[in-house]
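> I have a structure here, written as structure tokens, and I will follow up with some questions on it.
The values are calculated or read from the model by the stated rules, or taken from the named source; none is laboratory data. None of these values were measured; they are calculated from a predicted model. Quick reminder, even Gly has a Cβ in these numbers, built from the backbone with ideal geometry, and neighbours come from all protein chains shown. The area values use the complete protein model at the heavy-atom level, side chains included, leaving out ligands, DNA and RNA. Shrake-Rupley method; radii C 1.70, N 1.55, O 1.52, S 1.80 Å.
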Amino acid sequence: MHNDQEKVVEIRGLVKSFGDNHVLKGVDLDLYKGENLVVLGKSGSGKSVLIKLMVSLLKQDEGTIKIFGIDTAGLNLKELNKFRLRIGFSFQASALYDSMTVRENLEFPLVRNVKNLTKKEIDKRIEELLDAVALPKTINQMPSELSGGQKKRIGIARTLILNPEIMLYDEPTAGLDPVTCIEINNLINEVRERFKTSSIVITHDLTCAKQTGDRMAVLIEGQFNSVGTFEKVFEEATDQQVKSFYDYNFIK
Amino acid sequence: MAESNDVIKPVLTKKLDEFFSGLAKAFRFVKRFFQEVWFPPYEFREILRQCYEIGYRSLPLISLTGFIIGIVFTNQSRPSLAEFGAASWLPALISIAVVRALGPLVTALIASGKVGSSIGAEIGSMNVTEQIDAMEVSAINPFKYLVITRTLAATFMIPVLVMYTDFVALMGSFLSVNANELVSMSTFFVQVFEAISFLDIFSSVIKSLIFGFTIGIVGCYKGYNSSRGTEGVGQAANSAVVMSMFLIFVEELLIMQIVNAIRYA
Ligand SMILES: Nc1ncnc2c1ncn2[C@@H]1O[C@H](COP(=O)(O)OP(=O)(O)O)[C@@H](O)[C@H]1O
Ligand SMILES: [Mg+2]
């Protein structure tokens, strides 16, 4: 089904260990333009490590990561920074700068990376994004005054302010109540429509996976064993671990 | 016996390994500071903000401590000097003690506790909550924005605070001398300035700069390399204080040796 589509991410044979802790043992993964790919896996299975490798927050031991056709291992710092601006990273704990207001949080990456913006243009862009995440009223609040769900939204807005082509969401619904979860899932789908992003959504929440994902990939024992649509991965699952993951998460 | 040897040896080599790789890591951190400090962006606003924070945080405690040290040190020294009929030397003695040793040392130790720990905790919590990673992925250099600004601010501010401490301590001392020996303020300060030389002032400033740099860079290093998890933040703050105090004593000792070598050369 994807043969005619452009690949934006191509990962081959990715290996990453921390000492004796062999986290990724040969990961292959493709992300096609415009799709939402959900990465599932137990806590500690290396999901975060995988996307951190993609933006060079960590360095792989072996394997290649090609994003937009660029091999990330060969980049110098300047090239890497330019490349990083094309990727949005939404952190698990939101990672809002807690000494800055919401406004300053959004302004900080913008004014440092886009030169010669007028005050008006900055204000407009910030308003636009707060609008997109439906939180225009929080503009002068501190992160400590926001709820978990609001923090996630502001974190996503901050990432979107530089117009990334790829979004990486690290457990966007972790620690949120079910209603807020659904709101965030909707936001992820809206972001794709509005900002034309291709996304990887990391989660261990199957509702989130089903709602946001075009394809699923299940990370087990440092590898992706089953990749495909939700139905294919779970309803036809033969792998015992995939099955148990499904049974565990789903109340049938 | 052989068994216990086998157990001890790996533990020992592992500890040594850790020690030396930690040392190398710290060295690389300091090296990175000197590599990056010269190039833009300079983050002047953040440096100013940090200077203000540092001054604001330490001022109350430094004022109190400086003042009390001035009074107490004067009162404690008076009997000894009086015994030799040299109570009139009090201003000179206090001046030398405060400017050469007490001022810089006391200020630096207090700042380690107030400033070093808060830098360690702040950067540590930013590390734990992935705020540093967030800067990195949005192409902002967190080392420049966090480490260089705070280290420079501490390096500039400690000498200023030291001068302030010197002044407050001398004022405390003056109150005591004025009450007991009935010396006027102008006489007191003439004696104070006669007792100290250019070398004293110069070495005090150099020393304060070094102390300030130490407090800043150690706080940042501990925060930047804090282990993930909430307890990492407390650890970073705590070990920033311990480490910078230790280094300040070592530096004090070394600088004193060097200055004395120059003085009596
Ligand atoms: N910076 C690091 N240093 C050492 N070990 C790490 C680091 N980051 C992650 N790990 C280890 O890698 C494994 C996978 O972590 P992670 O990718 O965060 O899991 P998750 O799938 O829950 O996101 C864990 O065992 C973790 O301890
Ligand atoms: Mg994770």
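> What distance in nm lies between label points placed 7 Å from Cα along the C-beta direction at B:PHE39 and A:ASN140?
4.0 nm
> Go ahead and run the numbers for FRET between B:VAL205 and B:SER227, Cβ-Cβ distance against an R0 of 45 Å, rounding to 0.05. Before the final figure, lay out each step's value.
Details: r = 37 Å, r/R0 = 0.82.
The formula returns an efficiency of 0.75 here.
> Protein chains only, probe 1.4 Å: how do A:LEU75, A:LEU130 rank by accessible area, largest first?
On the way: A:LEU75 45, A:LEU130 0 Å².
My answer, sorted largest first, is A:LEU75, A:LEU130.
> On average, how much area does the Cα convex hull of chain A cover when viewed from any direction, in nm²?
Working: hull surface 57.9 nm².
Orientation-averaged projected area of the Cα hull: 14.5 nm².
> Moving on to the next point. Report the FRET efficiency, 1/(1 + (r/R0)^6), for A:LEU77 and A:ASP239, where r is their Cβ-Cβ distance and R0 is 51 Å, rounded to 0.05. Walk me through the numbers before you get to the answer.
Values: r = 41 Å, r/R0 = 0.80.
That pair, A:LEU77 with A:ASP239, gives E of 0.80.
> Turning to a different aspect of this structure: Distance from the Cα centre of the range B:54-105 to that of the range A:181-240, in angstrom?
69 Å
> Rank these by accessible area, largest first, 1.4 Å probe: A:PHE91, A:PHE195.
Values: A:PHE91 5, A:PHE195 45 Å².
If we order A:PHE91, A:PHE195 from most to least accessible, we get A:PHE195, A:PHE91.
> Separate question: Explain nothing, just compute: Karplus ³J(HN,Hα) = 6.51 cos²θ - 1.76 cosθ + 1.60, θ = phi - 60°, for every residue of the range A:135-141 in order, whole Hz, x for Gly and Pro.
Residue by residue, the range A:135-141 yields 9, x, 7, 7, 3, 9, 8 Hz.
> Let's test this: bin the Cα-Cα distances of the protein assembly as shown at 20 Å from zero up to the farthest pair and state each bin's percent.
Using 20 Å bins, I get a P(r) of 19, 42, 26, 11, 2, 0 for the protein assembly as shown.
> Let me confirm one metric for peptide A:106-113, namely the mean number of other chain beta-carbon atoms within 10 Å of its residues' beta-carbons. Intermediate values should be presented prior to the final figure.
Values: counts 0, 0, 5, 6, 1, 0, 7, 3.
Shielding by partners across A:106-113 averages 3.
> On a C-alpha basis, how far is the centre of the range A:26-79 from the centre of the range B:250-265 in Å? Whole number, if you could?
That distance is 54 Å.
> Another one. For a label point 7 angstrom out from the Cα of A:ASP28 toward its Cβ, which stretches of the range A:190-233 have the backbone nitrogen within less than 19 Å?
What the label zone holds, given the 19 Å backbone N cut-off, is A:215-229, A:233.
> So, one more: What residues have an amide H closer than 5 Å to that of A:ASN225, excluding those fewer than 5 places away on the same chain, when H is modeled at 1.01 Å from N in the peptide plane?
A:VAL218, A:ILE220
> Counting every Cα pair in the range A:108-182, what percent are over 14 Å apart? All intermediate terms of the calculation are to be shown ahead of the outcome.
Working: 1788 of 2775 pairs.
Value for the range A:108-182 (Cα pairs over 14 Å): 64 percent.
> I've got another one for you. For the range B:11-95, what class follows from the C-alpha gyration tensor (a ≥ b ≥ c being the square roots of its eigenvalues): rounded when a/c is under 1.5, otherwise prolate if a/b is larger than b/c, else oblate? Could you put the intermediate results ahead of the total?
Working: a/c = 3.35, a/b = 1.72, b/c = 1.95.
The shape class here is oblate.
> May I ask for the distance between the Cα centers of the range B:181-249 and the range A:148-163, given as a whole number of Å?
41 Å
> Using a cut-off of 12 Å between beta-carbons, work out the net charge of the residues near B:SER118 (Lys and Arg +1, Asp and Glu -1, B:SER118 not included).
Working: positive: B:ARG57, B:LYS114, B:ARG150, B:LYS222; negative: B:GLU53, B:GLU122.
Once all neighbours under 12 Å are counted, the net charge is +2.
> Rounded to the nearest 10 Å², what accessible area does A:THR207 have for a 1.4 Å probe in the complete protein model?
80 Å²
> A further question follows. Which value results for Rg/Rh of the range B:206-265 when Rg is the Cα radius of gyration and Rh the Kirkwood radius based on the inverse mean 1/r? Numbers along the way, then the final one.
Working: Rg = 15.0 Å, Rh = 12.7 Å.
Rounded to two decimals, Rg/Rh equals 1.18.
> If you don't mind, there's one more thing I want to ask. Per residue of A:150-162, count partner chain C-beta atoms within 10 Å of its C-beta, then hand back the mean as an integer. All intermediate terms of the calculation are to be shown ahead of the outcome.
Values: counts 0, 0, 0, 0, 0, 1, 0, 0, 2, 3, 0, 1, 2.
Mean shielding by partner chains, rounded to a whole number: 1.
> Then there's this: Sorted by accessible area (1.4 Å probe), largest first, how do A:ARG86, B:ARG45 line up?
From most accessible down to least: B:ARG45, A:ARG86.
> Once you have the Cα-Cα distance between B:MET171 and B:THR187, take 0.36 nm times their residue separation minus that, and quote the gain in nm to one decimal. Show your work: numbers first, answer last.
Numbers: separation 16, 0.36 × 16 = 5.76 nm, distance 1.30 nm.
Contour length minus Cα-Cα distance gives 4.5 nm.
> Please give the contour-minus-distance gain from A:MET100 to A:THR229: 0.36 nm per residue of separation, less the Cα-Cα distance, rounded to one decimal in nm.
Details: separation 129, 0.36 × 129 = 46.44 nm, distance 4.08 nm.
Additional length available on full extension: 42.4 nm.
> Return P(r) of the range B:134-265 (all Cα-Cα pairs; 5 Å bins starting at 0; whole %; ordered from short to long distances).
Calculated P(r), rounded to whole percents: 2, 9, 13, 15, 15, 13, 11, 8, 6, 4, 3, 1, 0, 0.
> Sticking with this one: Could you work out how far apart the two model spin labels at B:TRP89 and A:ILE182 are, taking each label as a point 7 Å from the Cα in the direction of the beta carbon, and quote it in nm?
8.7 nm
> Would you mind counting up the charge near B:SER95? Only other residues with Cβ under 12 Å from its Cβ, with Lys and Arg at +1 and Asp and Glu at -1.
Numbers: positive: B:ARG100; negative: B:ASP166, B:GLU194, B:ASP200.
Once positives and negatives cancel, what remains is -2.
> Looking at the square roots a ≥ b ≥ c of the eigenvalues of the Cα gyration tensor of chain B, which shape do they give, rounded for a/c under 1.5, prolate if a/b is larger than b/c, or oblate? All intermediate terms of the calculation are to be shown ahead of the outcome.
Working: a/c = 2.45, a/b = 1.72, b/c = 1.43.
It comes out prolate by the Cα gyration axes.
> At 1.4 Å probe size, with no ligands or nucleic acids counted, give the accessible surface of A:GLU236 in Å², nearest ten.
130 Å²
> Here is a follow-up. Could you check the spin-label model distance between A:ASN21 and B:ASN180? Points 7 Å from the Cα along Cα→Cβ, value in nm.
Output for this residue pair reads 6.1 nm.
> Still on this structure: Please list the non-local residues whose amide H lies under 5 Å from the amide H of A:VAL27, H modeled 1.01 Å from N, same-chain partners needing a gap of 5 or more.
Distant-sequence amide H within range of A:VAL27: A:GLY13, A:LEU14, A:VAL15.
> Rolling a 1.4 angstrom probe over the protein chains, ignoring ligands and nucleic acids, what is the accessible area of B:VAL30 in square angstrom, nearest 10?
50 Å²
> Give me a single rounded figure for B:219-228: the average over its residues of other chain Cβ atoms within 10 Å of their Cβ. Present the calculation step by step, with values, prior to reporting the outcome.
Details: counts 0, 0, 0, 0, 0, 0, 0, 0, 0, 0.
Rounded to a whole number, the mean comes out at 0.
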